[in-house]
1. To the nearest 0.05, what FRET efficiency results for residue 120 and residue 96 with a Förster distance of 25 Å applied to their C-beta separation?
2. Out of all DSSP beta bridges in the chain, what portion is antiparallel? Express it as a percent rounded to 5.
3. At residue 2 and residue 549, where each label point lies 7 Å from the Cα along Cα→Cβ, what is the point-to-point distance in nanometres?
4. What ranking, highest mean first, results for peptides 299-311, 380-392, 78-90, 523-535 when packing means the other Cβ atoms within 10 Å averaged over each residue?
5. What shape does the stretch 425-502 take by its C-alpha gyration tensor, where a ≥ b ≥ c are the square roots of the eigenvalues and a/c under 1.5 counts as rounded, a/b above b/c as prolate, and the rest as oblate?
6. Taking Cα pairs under 8 Å and at least six residues apart, what relative contact order does the chain come out at, in percent?
7. How large is the Kirkwood hydrodynamic radius of the stretch 1-155, in angstrom, based on all distinct alpha carbon pairs?
8. In nanometres, what is the gap between the two model label sites at residue 177 and residue 316, each 7 Å from Cα along Cα-to-Cβ?
Amino acid sequence: MSDVDLLVIGGGIAGAGVALEAARRGISVMLVEARDFAWGSSSRSSKLVHGGLRYLREGAIGLTRESVRERGRLLQDAPGLVEPQRFLLGHYEGGKLGRGTMATGLALYDALAGQRTRAFHTPGQVRQLAPHVATDGLLGASSYLDAKTDDARLVMRVLQEAQLHGARVVNRAAVKSLLRAGDVDTPLSSLSAEGGASVAPGTVVGARIEGAGFTGHVRARCVVNATGFWADGLRRGLGAPLLRPLRGSHLVLPLWRLPIAQSVSLLHPRDGRPVFATPWEGVALVGTTDLDHHDDPDVEPAITAAETAYLIEAMRHAFPRLDLRASDALCSFAGVRPVVDDRAEGGDPSKAPREHVVRVEQGLVTITGGKLTTFRVNALDALRHAAPWLAAPGRRNGFAPTVVAGDEPGSDAHARMSADDFHYRRADPIFAPQPEPAASVALPHGLRTRLLGRHGHRAAALLAEAAPADLELIAGTATPWAELHWALRHEQVRFLDDLLLRRTRLGLLLPDGAAALLPRLEPVAREALGWSVGEWRDQCERYARIIAQCYSVPTP
Ligand SMILES: Cc1cc2nc3c(=O)[nH]c(=O)nc-3n(C[C@H](O)[C@H](O)[C@H](O)COP(=O)(O)OP(=O)(O)OC[C@H]3O[C@@H](n4cnc5c(N)ncnc54)[C@H](O)[C@@H]3O)c2cc1C
């Protein structure tokens, strides 16, 4: 049995953010992830760190303001991981989005961010910026700056930062059930709370965890449920379901087939929904769909043939001369948005709110919904709700999970944290500045920035371990072999898909899930993870199955 102040369930961006903001305030934190860090929607997003221009159209000014502020902070703190990206939106004769409407929206967008990035481009300029876009009836284009990231690496960077502040993060360890005070079969009968108060029966006081990384019971003063799309499962018996799961799917095309230097946004010719193509890591991402997702939550989501046809239709409309087809795509990926929507299903999914929600039920703090971009704001909100259950570091008096009557925190307020301890200050850095790493060979500027952005304070150790040959880039990508080796040794990789789909994104960037790399990878992976020849073969088979079932491109 372990005792911690805060147990965080879920290793996506929400859980990682909560773990970091708690750990940097001296709270003892344990985070557990059932599948793999960032396995959920946090590795399957559109990779945009954005204000969400379309949310502005829906009147969500608060969400947009928060998002553009956090975008600015992330760009400043994590260059190499979060990079600026220009978006271009064409105006056409008879089109729904006119130059005037767009100019008003962009002026507000810029004002919220406190910087001017908007521009208008004549048809001649558009032909230079995006040579392949449709030119029939083209009146010009508006453009603005947002940002993009590698979402799974952002989660890893936040988790690393949390570990730097003392958090314990455990991969492949699932919460199987919550421990409730008074349960006959929980080993909690000895619990007594600080000041002699008793823990109210039914209060969540920890969890039973099973996995490769940790098996046992964990008692906690407070438990945060950051399980995204799975959040309602853990809340069963505590409150009514919150979530309307919405699937969003993407196609990945080689840049030579869809050559873009800017992101190109458009309204889908069929239903007027916004869709986009964006350059990312040397490929073009095309997204996204927005559909009610009814599949088993334990089955990895995948694009359907109908979604593929929908996205290709949009691209053929935007880039008519390229004659794009589903067979041009390298791969696909799909994620499920944990959208909190109390309207009946059947409402337009794209209009469902994207704000995060925090619920406190019998001591369990659930944080779900929301965007990758605003993870810090969301985490601080969750912690403000958790504060009354958390003992202030340095003011502790032994361990007691919670002191509650119903959902109310206990009376020994002097020993507790308060919402003010988790106040959002825009100017606070998200990541601590890192020392410049020394390298045995001179590193090109781009590679140095990339390693610092993605690996933060660990970049120095990664470079110290890397042989000069490991700094060679894997052909067709910006990933050096050194990142693969580092992940195998230090980033709790258990399966090949952890390595090729999330620690690195090679499985999305190269044909057949990067199968051509496997022979060179085999000796390094087997040495680092102790896999026998048979285990390596099993890993390869498992990986090929996942790629075929969930990342391939069904032909319509
Ligand atoms: C298609 C799509 C596009 C998006 N695009 C963007 C974008 O461009 N920009 C943006 O800002 N946001 C975007 N989002 C939103 C953003 O990706 C999500 O809101 C965010 O990733 C949610 O993070 P999370 O940590 O709440 O959930 P998740 O990332 O899903 O993490 C939850 C984790 O909990 C784990 N878990 C579940 N049950 C248990 C258990 N019992 N024990 C332990 N662990 C458990 C899961 O394995 C999972 O890893 C997009 C989302 C989708 C789906």
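The values are calculated or read from the model by the stated rules, or taken from the named source; none is laboratory data. Because the structure is predicted, anything quoted here is derived from the model rather than measured. Glycine also receives a Cβ, built like all others from the backbone with ideal geometry; neighbour counts cover every protein chain displayed. Protein only, heavy atoms only, side chains kept; ligands, DNA and RNA dropped before computing areas. Shrake-Rupley method; radii C 1.70, N 1.55, O 1.52, S 1.80 Å.
1. Working from the Cβ atoms, E equals 0.90.
2. Counting DSSP beta bridges with both partners in the chain, the antiparallel share is about 75 percent.
3. About 3.0 nm separates the two model spin labels.
4. In decreasing order of mean packing, 299-311, 380-392, 78-90, 523-535 become 380-392, 78-90, 299-311, 523-535.
5. oblate
6. Details: 1149 pairs, mean separation 103.8, N = 556.
Contact order relative to length: 19 percent.
7. That comes to 18.0 Å for the stretch 1-155.
8. Between residue 177 and residue 316, the label points sit 5.4 nm apart.
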